[in-house]
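Asks: Okay, handing you the structure first.
Every number here is computed from the coordinates shown, using simple stated rules; none is lab data. All of these numbers come straight from a predicted model, not from anything done at the bench. Here the Cβ positions follow ideal geometry from the backbone for every residue, glycine too, while neighbour counts run over all protein chains shown.
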Amino acid sequence: MIEIDKLTKLFEEKADAAGLTSELEQLRVEFLGKKGYIAEQMANLRNVEADRKKEVGQKINEVKQFIEDAIQKRFAEMLAAEEQRLIDKTEAYDESFPIDTETGSYHPITLVQREVEDIFRSMGFSVEDYSEVTDDFNCFEALNIPKHHPARDMQDTYYLSTGQLLKTHTSAAQNTILRKYSADLEKGLPLRAVFPSRCFRNEKIDACHENTFFQMEGMMVDRDISISNLIYFMKTMLSEVFQRDVTVRLRPGFFPFVEPGFELDIQCLICGGDGCPSCKDSGWLELCPCGMIHPNVLTAGGVDPEKYTGFAFGLGLTRLAMMRYGIKDIRVFNSCNLKSLSQFTDRTFNTSEKED
Ligand code: DAH
């Protein structure tokens, strides 16, 4: 058996020779393991004379502690040396060299939404934010769509177990906005607000339909707002959005919350009117249904229809994003395919090859 005093020296010699962490681990077993030198010394304690037991025991513990500390220290040194080796190896590192890392990007619909929000802000609109979860009153009743009204069939609704529902259209916030600003109207301040949101409908999904899509609702209410205001505003707003004169057409459209109601179509910017899957081969895209707010809707929102009139519109943000980026299949937006979704960042509105 090695004498306790010589153990420290032996360890130091072996530790100096160890160049790898695995060798260090071997040393740990050799000295501190169950059958190692220290365990051997401990076992031998019983043969030591009673009056020296305490002293020898302490000595063994000191040596044990020394070896433990030394191993830990040596281990840290080895890791640091390894790190330095790696740094030295990458000496040629060039900070200006473009690294192929995955950076995040905004979703194309977010980009379009922000752009359109800015346009509306510049026209004096406030941008409001509302929850995607609403209730029957806001989504239907307050919009002049009572229970059992056939118009409810136009929107196949997802109901929640709480009795609430997922908003089928951004019009669902009209009542809240009217209430929020009705007092301002009385003070002579016109109501101009847009409120974007994700909407949900139980739709059969194909290249042009999704069960989750985005709209931006807008409302303008004041004294003496007429259809000519509506038409002028829609034209100005859309030419701002597309940054050129777009070809639009108005068709009569029925929506219980507007009277009269219109369907505003825009010539498909993807195919230039020739027909493609995005426009169902018609050359036109339904972009912005609109109309004069129904007196019942104003009343439900606490606004006197005898004093005030207004128009409302529901801009299809998802459609807009398809045109903006020339996306032919609506399913791309919910695909979670980062490769597809991150490529749109800095493209401009697709004005098609047919542009004059
Ligand atoms: N909320 C309707 C829908 O999603 C769209 C709509 C139509 C909104 C006419 C309006 C409007 O503001 O005036 O089907």
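Asks: Loop-only check: which chymotrypsin sites (Phe, Trp or Tyr not before Pro) in the stretch 40-144 are DSSP coil with at most 12 other Cβ within 10 angstrom?
Replies: Passing both the DSSP loop test and the Cβ count: 93.
Asks: Give me the number: length gained by fully extending residue 206 to residue 244, i.e. 0.36 nm times residue separation minus the C-alpha to C-alpha distance, one decimal in nm.
Replies: 10.7 nm
Asks: Taking the Cα atoms only, what angle lies between the long axis of helix 4-17 and the longest principal axis of the chain, rounded to 10 degrees?
Replies: Helix 4-17 sits roughly 50 degrees off the main axis of the chain.
Asks: What distance in nm separates the simple spin-label points at residue 183 and residue 81, each placed 7 Å from Cα in the Cβ direction?
Replies: Distance between the two pseudo-spin positions: 7.6 nm.
Asks: How long is the gain from residue 115 to residue 56 if the chain were fully straight, where each residue apart is worth 0.36 nm and the alpha carbon distance is subtracted?
Replies: Length gained, residue 115 through residue 56: 13.1 nm.
Asks: Turning to a different aspect of this structure: Work out how much length residue 106 to residue 153 would gain on full extension: take 0.36 nm times their residue separation and subtract the Cα-Cα distance, in nm to one decimal.
Replies: 13.5 nm
Asks: Compute the distribution of all C-alpha to C-alpha distances in the stretch 2-89, in bins of 5 Å from 0, and list the percent of pairs in each, rounded to whole numbers.
Replies: The percentages, shortest bin first, are 3, 13, 23, 21, 14, 10, 7, 4, 3, 1, 1, 0.
Asks: Can I ask one more? When the helices in the chain are scored as -39500 (n - 2.57) per DSSP H run of 4 or longer and the sum is shared across all residues, what 222 nm value do you end up with, to the nearest 500 deg cm²/dmol?
Replies: It lands at -12500 deg cm²/dmol.
Asks: If the label point is 7 Å along Cα→Cβ of residue 18, which residues in the stretch 38-69 have backbone nitrogen under 11 Å from it?
Replies: 67-69
Asks: Say each of residue 160 and residue 343 gets a label point 7 Å from the Cα, pointing the same way as Cα to Cβ; how far apart are those two points in nm?
Replies: 3.7
Asks: Apply 1/(1 + (r/R0)^6) to the Cβ-Cβ distance of residue 129 and residue 94, taking R0 = 45 Å, and write down the FRET efficiency to the nearest 0.05.
Replies: In this case the efficiency is close to 0.50.
Asks: List the aspartates and glutamates whose Cα lies under 18 Å from the Cα of residue 235, skipping any in the same chain that are fewer than 8 positions away.
Replies: 115, 117, 118, 217, 245, 263, 265, 286
Asks: Separation between the residue 44 and residue 224 pseudo-spin-labels, each 7 Å from Cα along Cα→Cβ, expressed in nm?
Replies: So the two model labels end up 11.1 nm from each other.
Asks: Provide the descending list of Cα extents for the stretch 30-156 along its principal axes, expressed in whole angstroms.
Replies: The Cα atoms of the stretch 30-156 stretch 103, 50, 27 Å along the principal axes, largest first.
Asks: To test your reading of the geometry: what angle, between 0 and 90 degrees and rounded to tens, separates the Cα axis of helix 174-186 from the longest principal axis of the chain?
Replies: Taking Cα atoms only, the helix is inclined about 70 degrees.
Asks: Can you compute the radius of gyration and Dmax for the chain, using only the Cα atoms, both in Å?
Replies: 37.0, 113
Asks: A follow-up question, please. Within straight cross-link reach of residue 180, meaning Cα distance under 27 Å, which lysines are found once same-chain residues fewer than 8 apart are removed?
Replies: Excluding near neighbours in sequence, the set is 147, 167, 307.
Asks: Whose amide H sits under 5 Å from the amide H of residue 217, counting only residues 5 or more places off or on another chain, with H placed in the peptide plane?
Replies: 195, 197, 315
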